[in-house]
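The values are calculated or read from the model by the stated rules, or taken from the named source; none is laboratory data. Every value quoted in this text rests on a predicted model; they were computed, and no experiment measured them. Heads up, the Cβs are rebuilt from the backbone with ideal geometry, glycines too, and the neighbour counts pull from every protein chain shown. These area figures cover heavy atoms from the full protein model, side chains too; ligands, DNA and RNA do not enter into them. Shrake-Rupley method; radii C 1.70, N 1.55, O 1.52, S 1.80 Å.
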Amino acid sequence: MNEKQITIYNQMTHFTHLEDYPQNCSIFIYADNLFGKHLFELLKNKRADIKILGFVSSFAKDEVLGLPCILPEQLQNQHFDYIVITLFHYLEDIQEHISSFDQDKIRLNLVSNLAYHGNFLSNPTAGKEQQIKFVNDALQTEQDRKLWQVLINAMETDSVTEVVDWFLQHNKTELHYLEHFTLKEGDIVLEGGVFDGYTSCRFAEQVGDSGHVYGFDPFGEKFAKPAFNKYQSVAHRIDVLPCAIADKEGELFFTLDGAATKMADEGTLIKVVSMDDFVEEQQLPSVDFIKMDVEGAEPLALKGVWKSIETYRPALAISIYHGVDQYLDIPFQLMSDLKDYVFNLGCYSVEGLETVIYCTPKEKL
């Protein structure tokens, strides 16, 4: 997140709600990612009067969801009422591509990750009011509770505006996973989901040569090698097992998609292990910190490390953003089962992505 992106965001005209679109207008959706596709589905289902002409992407593709997908430079030859942008992170690059257009034809419509995972439910929080209140009351600070309400509002309204406003006031992307505690010399870290390895290196910097980071990732070190090469001084403190984590050892189907690789009903069989079994097999003297970002497998993976949690009482940083049920259920479950812990919340993306529940044992505060 940089100042130029924020400036562009503040200068742009927004479509905040589906009702903001004029009747019978024609649009191109700029971005063929999940948020662009989500906006397409929302408009198709709730604003059938709008003519969606196609998608715009910097990567050459013939079509997306059955509609043409054109390059930015091809927009010059098109007739449309609006170009609707669904990405925040690439605003600066997008602005360069469309700077020659009448700015009245450019709109920003950021779509909430929470609504996306709600599968277009009219009210994804219905029936969970007591659960939502329980989580709210268990959070440590007023800022945590404010963020929780912002996220709940985004689920219920399909609008990301409040999340963006909160994020612009509390931009803490550099503190992802470590906002509420600092690792110390000699700590042992279990990291579910390594991907590009940069968080592994941050953990390794803090634990020192007497500590260690054990990562679990179906791709092993494939994507992490550049980070490990860059931080060679700490890379020897990291071991990555080429497997995923679950509640027990075995094999499960996964769809392979880089950072978005996740469990599925069919696909490629991948070895899975439980962190508890690993801790026992390695005879680890302690477990001080557990981080999980495993594309929706967090509930299953937590079952496979609960013995270690009860024995060693580590600090936890658990991603909850891979499904609207997980935003609601994972914090509730952890807050119900963990005794004498303090709970905080962090969000590191304007769409509600990268949302983390922090659990810190009181004796380690």
Where a residue in region 282-305 is among the hydroxyl-bearing types (Ser, Thr, Tyr) and its partner, wherever it lies, is outside any loop (DSSP other than H, G, I, E, B) and open to solvent by less than 30 Å² (accessible area, probe 1.4 Å), with Cβ under 9 Å and at least six apart: Ser286/Ile188
Qualifying residue in region 220-233 (condition: open to solvent by less than 30 Å² (accessible area, probe 1.4 Å), under 16 Å from Val279 (Cα atoms) and in contact with a helix residue (DSSP H, G or I) (Cβ under 9 Å, 6 or more places away or on another chain)): no
Of all residues making up region 1-50, the number that are acidic (Asp, Glu) and modelled with pLDDT under 85: 2
All positions within region 310-324 that are under 14 Å from the mean Cα position of the chain (by Cα) and open to solvent by 10 Å² or more (accessible area, probe 1.4 Å): Tyr321, His322, Val324
Within region 23-102, strands (runs of 3 or more DSSP E) holding 3 or more residues that are open to solvent by 10 Å² or more (accessible area, probe 1.4 Å): 51-56, 67-70
The listed residue being without any contact (Cβ under 8 Å) to a residue 24 or more places away in the chain and either within 19 Å of the chain's Cα centre (by Cα) or within 23 Å of Glu174 (Cβ to Cβ) (or both), out of Ala204, Ala264: Ala264
Residue check for Lys339: in a loop (DSSP other than H, G, I, E, B), basic (Lys, Arg) and open to solvent by 10 Å² or more (accessible area, probe 1.4 Å): yes
Out of Tyr177, Tyr198, sole residue that is open to solvent by 60 Å² or more (accessible area, probe 1.4 Å), of a type outside the set (Val, Ile, Thr) and closer than 30 Å to Ile8 by Cα: Tyr198
Near pairs, Cβ below 8 angstrom, 6+ apart or cross-chain, from region 310-325 (under 17 Å from Phe203 (Cα atoms) and in contact (Cβ under 8 Å) with a residue 12 or more places away in the chain) to any residue that is open to solvent by 20 Å² or more (accessible area, probe 1.4 Å) and among the aromatic types (Phe, Trp, Tyr): Ala315/Phe181
